[in-house]
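Reviewing the structure listed below.
Computed from the coordinates by the stated procedures, all read-outs in this text should not be read as laboratory data. Owing to the predicted nature of the structure, the values given are computational and were not obtained by experimental measurement. As a convention, Cβ positions derive from the backbone with ideal geometry for all residues, glycine included, and neighbour counts pool all protein chains shown.
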Amino acid sequence: MHDVVDLRSDTLTTPTPEMRAAMAAAEVGDDVWGEDPTVKRLEARAAERFGKDAGLFVASGTMGNQVTVLTHTQPGQEVIADADSHVLSREVAGIARLSLCQTLPLSTARGLPTPEQVRASIRAKDIHFPVTGLIALENTHNRHSGTAFTPEEIAAVAAVGREHDVPVHLDGARIFNACVALRRDAREYGAAVDTIQFCLTKGLSAPVGSLIVGSREFIARARRMRKLLGGGMRQVGILAAAGLIALDKMVDRLAEDHVNARRLAEGLHGLPGIRVDLSRVQTNIVIFHVDRPGGVAELVEGCRARKVRVHASGPTSIRCVTHKDVDAEDIDRALAAIREITGTS
Ligand SMILES: Cc1ncc(COP(=O)(O)O)c(C=O)c1O
């Protein structure tokens, strides 16, 4: 049990004592010169985990996605993605500003475009049209309640890209939540797409960093793009040391977060003025809709007054995310707070 139950995001997790000790003891060198052994170990470990040739350590998930788009595309091309995907809707128009590409946002039911939708969106060769430069997918899908897609679902969309010679990138900020929830190996996702970005900072609890994995040739080019964006870091093995622990020791425990998210969703289900689709709660994210006179503000403020923090993810929706610093008792406290606010305690 914690003093404050903070369900706003899994990015709020703090590093474990083991991570802090590893950071203090990390063997380091200048990574721009290719001389940081701890970074090299992390990049190799990440690549191996996804069955790819090589990995690249970057500062954040946003940098991972944007470096990847920059490396895959040419200016003037078009990037296809779900309209609510992070890469399109939450990265400060990075695709337009950095890659000089336009985007084709697709409206989807659960966060993953269907193969037919993608096939219909790939541009024909015509003097008027942009060239389709990239298909970007997201798994798990943040704004669709952490929905998890199987490797087969991802591969079916990626196959359309392959048919048309269009590369496919997977924003796997929370890919290990998908692996754990669906009991699938990360390599199966690696085999389905050209590149994956995943975050060490969310459920895996490292303080900083993401990795891009892909072919050796792609990663060599991505390394130049990372430098262009000012992401060449020096004795960054201090951060990679925490990342190694995140990757080696924090993946399996994500199952607890999924159990807690389910507990929360089931407790919310049926409360007056609250609507939660239980079929969507597969991983560590619960998004529920509020239809009460006091709206979202009543719940956010009421929770805050009871030492429970939740995030207003939209004008009528609240997002709760479970993580290592939230346990089952905390979930019960959050539910008790919401029951009190809704007058059902
Ligand atoms: C699906 C997804 N992709 C990318 C990111 C970006 O990660 P960062 O905050 O490290 O830039 C996030 C962050 O929440 C995310 O949810």
Highest average packing first - 199-206, 298-305, 323-330, Cβ atoms within 10 Å: 199-206, 323-330, 298-305
Per-residue ³J(HN,Hα) for the range 134-145, Karplus 6.51 cos²θ - 1.76 cosθ + 1.60, θ = phi - 60°, Hz, x for Gly and Pro: 6, 10, 10, 10, 9, 7, 6, 9, 4, 7, 10, 6
Cα-based shape type of the chain, given that a ≥ b ≥ c are square roots of the gyration tensor eigenvalues and the cut on a/c is 1.5: oblate
Within a Gaussian network of the chain (alpha carbon springs, distance under 10 Å), most fluctuating of 319, 143, 90: 90
Radius 11 Å from Cβ of residue 6, net charge of other residues (Lys, Arg +1; Asp, Glu -1): 0
Partner aspartates and glutamates for residue 125 [C-alpha distance under 15 Å; skip if fewer than 8 residues away on the same chain]: 78, 163, 165
Zero-based 5 Å bins, Cα pair distances in the range 211-322, whole percents: 2, 10, 14, 15, 12, 9, 11, 12, 10, 5, 2, 0
Residues with amide H under 5 Å from that of residue 104, placed H, sequence gap 5 or more: 79, 80, 81
Unit charges on C-beta of K, R, D, E only; dipole of the range 200-345, Debye: 900
Calculated P(r) of the range 287-345 - Cα pairs past 20 Å, %: 18
Environment charge of residue 237, counting only residues whose C-beta is closer than 12 Å and scoring Lys/Arg +1, Asp/Glu -1: -3
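Rounded, prolate or oblate: which fits the range 204-247, taking a ≥ b ≥ c as square roots of the Cα gyration tensor eigenvalues, rounded meaning a/c under 1.5, else prolate when a/b beats b/c? Please report the intermediate quantities before stating the final value.
Details: a/c = 2.54, a/b = 1.53, b/c = 1.66.
Taking the square roots of the gyration eigenvalues as a ≥ b ≥ c, the range 204-247 is oblate.
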Inter-label distance for residue 227 and residue 114, nm, one decimal - labels placed 7 Å from Cα along Cα-to-Cβ: 4.6
Phi to ³J(HN,Hα) by Karplus 6.51 cos²θ - 1.76 cosθ + 1.60 over the range 163-170, Hz, x for Gly, Pro: 3, 10, 6, 10, x, 10, 10, 10
Potential lengthening between residue 279 and residue 305 on full extension [0.36 nm per residue; Cα-Cα distance subtracted]: 6.3 nm
Candidate aspartates and glutamates for bridging to residue 52, where Cα separation is under 16 Å - those fewer than 8 sequence places away on the same chain excluded: 43, 171, 185, 188, 194, 217
MRE, 222 nm, helices only [DSSP H, n ≥ 4, -39500 (n - 2.57), over the chain, to nearest 500]: -12500 deg cm²/dmol
Cα shape, the range 78-150, gyration tensor, a/c 1.5 rule: oblate
Residue of 155, 81, 173 that the Gaussian network model of the chain assigns the largest fluctuation, springs spanning Cα pairs under 10 Å: 155
Reachable aspartates and glutamates from residue 307, criterion Cα separation under 12 angstrom, eight or more residues apart if same chain: 3, 6, 330
Lys, Arg +1 and Asp, Glu -1 on Cβ, resulting dipole of the chain about Cα centre, debye, nearest 20: 340
